[in-house]
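Single-structure report; data block below.
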Amino acid sequence: MKMKIFTMPEEMQAWATAQKAAGRTIGLCPTMGALHEGHMTLMRAAKEASDIVIASVFVNPTQFAPGEDYEKYPRQFREDCEKLAREGVDAVFHPEPAAMYPAGFGTYVTPDCAETQVLEGARRPIHFRGVATVVTKLMNITRADRAFFGQKDAQQVAVVRRCVEDLNLPVQVTMVPICREESGLARSSRNAYLRPAERKAATVLSRSLRKAETAFTAGERSAERLVALVQEELAGEPLARVDYVALRTFPGLQPVTEVRETCLLALAVFIGTTRLIDNVILEGEA
Ligand code: PAF
């Protein structure tokens, strides 16, 4: 089947509805484009679990605050389509902002829960309202049975799961492991902003997390000490400016002192002017 491209929500929804009527299950991979190998791991997971894969490519304005990188976010739709076609994606949804947020738009999904108050939510106050709104719309437009998200944005996965549960959306959410370069750097569309020296410096993020993970595997359970190990390693990189390092339960994102259940060790670090995030999940014994 030749990959279909839809720009209008009604047309996308009509096609998806016809697929469902024919008894096919739909896997949705929401993206903002500038696709890399990490996105392809989402497509492959979706393909394995669904009859039809729909990728959305939409730089969602409502999840960017003024002064963030909405305007400069990389856009390369033609290359994205070539990559998606090679992966055997069935349809791409690529709307204009005005098609998603027409004049008079006024209904937002505002998750008001522990998952949105901390980490990224504490620094980017409107971010998760924008994410929850667009993801809910995308799920409805594509009639998705399953939706696939990367672990790099683990908090986003926690928030989406909360929305799906709270709003009784009939969608199963799957988190796909972080895809890393050989250097350990987590793949991200924002890596495109990094100059060569910064790209090298950015490997400190994964290195610092690995250090804590190794200590955890060796038996360290103190959240304070695990966080300190990460901070110590980050402090050794002159180009890195730490925004936060935090250890919380996952997916509830509650504070912890001892890692006895599944937890998220997450960080946000500026390398030059580029803000990068990364994380590792520590599987507790509970
Ligand atoms: O993770 C992203 O790329 C975005 O937050 C998403 C899920 C596509 C919503 O715009």
Any hit, the range 30-48, residues being assigned to a loop (DSSP other than H, G, I, E, B), away from the ligand (no atom under 12 Å from the Cβ) and within 17 Å of Met1 (Cβ to Cβ):
no
Any idea which residue in the range 140-156 is surrounded by the fewest Cβ atoms within 10 Å (Cβ to Cβ), counting only those that are under 23 Å from Pro95 (Cβ atoms) and within 11 Å of the ligand (Cβ to nearest atom)?
Asp153
Suppose we filter the range 32-43 for residues that are under 12 Å from the mean Cα position of the chain (by Cα) and crowded, with 24+ Cβ neighbours inside 10 Å; how many remain?
2
Inter-residue pairs, beta-carbon under 6 Å, first closer than 13 Å to Gly150 by Cβ and in the range 31-50, second within 13 Å of the ligand (Cβ to nearest atom) and in a helix (DSSP H, G or I), 6+ apart
Thr31/His39; Leu35/Asp80
Go through Pro125, Pro74 for me and flag whichever is over 30 Å from Leu247 (Cβ atoms) and of a type outside the set (S, T, N, Q).
Pro74
Would you mind finding the one in Val131, Val135 that is closer than 27 Å to Glu283 by Cα and either touching a Pro at 6+ places or on another chain (Cβ under 9 Å) or more than 13 Å from the ligand (Cβ to nearest atom) (or both)?
Val131
Can you confirm whether the range 156-172 contains a residue that is part of a helix (DSSP H, G or I) and more than 19 Å from Leu138 (Cβ to Cβ)?
no
Select from the range 51-95 the residues that are of a type in the set (S, T, N, Q) and surrounded by fewer than 21 Cβ atoms within 10 Å (Cβ to Cβ) and list them in ascending order.
Thr62, Gln76
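We did not get these values from a lab; they are worked out from the coordinates using the rules stated. On a predicted model such as this, the values are computed, not experimentally measured, just so you know. Virtual Cβ from ideal backbone geometry, glycine too; neighbours counted across all protein chains shown.
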